[in-house]
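The values are calculated or read from the model by the stated rules, or taken from the named source; none is laboratory data. Since this is a predicted model, take the numbers as computed values, not measurements. FYI the Cβ positions are ideal-geometry reconstructions off the backbone, even for glycines, and counts take in every protein chain you see.
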Amino acid sequence: YTLDKKNNVALGYAMFDSNGPAPTTSLTENRIYQQYTHTEAIKAIAITNRFRLEQRFVEKSPTTTDFSQRFRYFLRAVVPLTKQETTFKKGMFVALQDEIFINVQNKNLVNGSMFDQNRAYVAIGQRFNTKVDVEIGYMNLFQKRSSTDLRNNVVQLGFYLRL
């Protein structure tokens, strides 16, 4: 729901289903979330702050589901590489973002730690007009686990359409 040009709130649902090589590594996670997003422009640089609270229902077995809550904070800056008058309308840009995930309830059911994961991202892109962007970037994903931590290097291609 859009509150005004800079602020919006959302409620949502997400399902994450992973199937590992063994039945014990497969799991289904259902999430309900509440989210607040604030966007701001400092000259032609667009800054997005997103705050999200998730209620996580992780199926550990056909008869057992663990409940936990997680807070996520997302920060993104889009920096034009060409001189802009006031707002960024067209041209190449660099995008920098980071998202941190913090377990706020029942961390012992997740990974035993308040810290869950971090996703750092850098990209280069092209804004074709005020409605369409394309970018390619690199994400370093770190996830704290109960046993061995996960580190992934991700190449991401993004297409953004603003309605």
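Every residue, every condition in (1) free of Cβ contacts under 8 Å to residues at least 40 places away in the same chain; (2) within 21 Å of Val155 (Cα to Cα); (3) not hydrophobic (A, V, I, L, M, F, W, C), yes or no:
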| position | (1), (2), (3) |
| --- | --- |
| Thr28 | yes, no, yes |
| Gln35 | yes, no, yes |
| Val58 | no, no, no |
| Thr64 | yes, no, yes |
| Asp116 | no, no, yes |
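The number of residues in segment 94-115 that are modelled with pLDDT of 95 or more, surrounded by 15 or more Cβ atoms within 10 Å (Cβ to Cβ) and in contact with a Lys or Arg (Cβ under 6 Å, 6 or more places away or on another chain) comes to 4.
Of the set (1) touching a Leu at 6+ places or on another chain (Cβ under 7 Å); (2) surrounded by 14 or more Cβ atoms within 10 Å (Cβ to Cβ); (3) farther than 30 Å from Leu27 by Cβ, all apply to Phe88 but (1).
The set of residues in segment 5-22 that are modelled with pLDDT of 95 or more and exposed (fewer than 11 other Cβ atoms within 10 Å of the Cβ) comprises Leu11, Tyr13, Met15. Yes or no: segment 116-126 includes at least one residue that is of a type in the set (Lys, Arg), modelled with pLDDT of 95 or more and closer than 26 Å to Leu163 by Cα. No, there is no match, as no residue in segment 116-126 is of a type in the set (Lys, Arg), modelled with pLDDT of 95 or more and closer than 26 Å to Leu163 by Cα.
Mind listing whichever residues of segment 66-81 are farther than 10 Å from Asn103 by Cα and either in contact (Cβ under 8 Å) with a residue 60 or more places away in the chain or among the hydroxyl-bearing types (Ser, Thr, Tyr) (or both)? Of everything in segment 66-81, just one residue is farther than 10 Å from Asn103 by Cα and either in contact (Cβ under 8 Å) with a residue 60 or more places away in the chain or among the hydroxyl-bearing types (Ser, Thr, Tyr) (or both), namely Tyr73.
Per this entry, Leu157 is not counted among residues that are more than 19 Å from Arg56 (Cβ to Cβ), of a type outside the set (Phe, Trp, Tyr) and outside any strand (DSSP E or B). All of Asp66, Asp149 fail the test of being farther than 21 Å from Tyr36 by Cα and touching a Leu at 6+ places or on another chain (Cβ under 6 Å), apart from Asp66. Among the residues of segment 23-78, those that are exposed (fewer than 14 other Cβ atoms within 10 Å of the Cβ), among the charged types (D, E, K, R) and either in a strand (DSSP E or B) or in contact with a His (Cβ under 9 Å, 6 or more places away or on another chain) (or both) comprise Glu40, Lys60.
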